[in-house]
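Trainee: I'd like to ask you about the structure that follows.
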Amino acid sequence: MLGVDQAYDQAMQNLGKILGNHFSVDTAERINGNMGRNAGEFLGDLPLPVEGSEGKLMVATGDCKGVPLVKNDSQKVAAFESAKTNPGNRRMATVASVYSVDPHIRTAEDITAALFRDEPDEDAARNRWLS
């Protein structure tokens, strides 16, 4: 998990501080690479959803993060700094997700009530669905 938010060198230093030991950056990179190679097989073995069980809307998200490439610079560069301050030492990593949901229709009053933590008006909700 540390390697997700930080460069490997920083992550292993932080893990070492937490556990009071030294951890190899090369080993952490190799373990992560081996785990990544198995991802395709894992995803291929997942069961298909039961027909009709998925929501009506498909949601797809993507989030790109800059990842430092040079070990010597990894301590100097925070993982979320803009690439303009250190051009040429980053690659982009993209985390993506796809899932389905059913529509959740709300009125302006419903949203306002949720923002101000007001209790929803049960009668209004019931009447909206009946009309």
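The values are calculated or read from the model by the stated rules, or taken from the named source; none is laboratory data. Fair warning: this is a prediction, and the values are worked out from it, not measured in the lab. Heads up, the Cβs are rebuilt from the backbone with ideal geometry, glycines too, and the neighbour counts pull from every protein chain shown. Just the protein is used for accessible areas: all its heavy atoms, side chains included, with ligands, DNA and RNA removed. Shrake-Rupley method; radii C 1.70, N 1.55, O 1.52, S 1.80 Å.
Trainee: Suppose we filter 113, 125 for residues that are surrounded by 12 or more Cβ atoms within 10 Å (Cβ to Cβ), at pLDDT below 80 and part of a helix (DSSP H, G or I); which single one remains?
Mentor: Criteria check complete, one pass: 125.
Trainee: A further question on this structure: Cβ-Cβ distance below 7 Å, separation of 6 or more or different chains: which pairs start in the range 98-119 with a residue that is at negative phi and end on one that is open to solvent by 100 Å² or more (accessible area, probe 1.4 Å) and modelled with pLDDT of 85 or more?
Mentor: 98/58; 100/54; 100/58; 102/56; 103/56
Trainee: May I ask you to list the residues in the range 52-69 that are farther than 17 Å from residue 93 by Cα and either modelled with pLDDT under 90 or of a type in the set (Gly, Ala, Ser) (or both)?
Mentor: Selection gives 52, 53, 55.
Here's the yes/no breakdown for (1) at pLDDT 90 or above; (2) closer than 30 Å to residue 105 by Cβ; (3) out of contact with any Ser or Thr (no Cβ under 8 Å at 6 or more places or on another chain); (4) open to solvent by less than 60 Å² (accessible area, probe 1.4 Å):
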site	(1), (2), (3), (4)
22	no, no, yes, no
29	no, no, yes, no
35	no, no, yes, no
42	no, no, yes, no
47	yes, no, yes, no
50	no, yes, yes, no
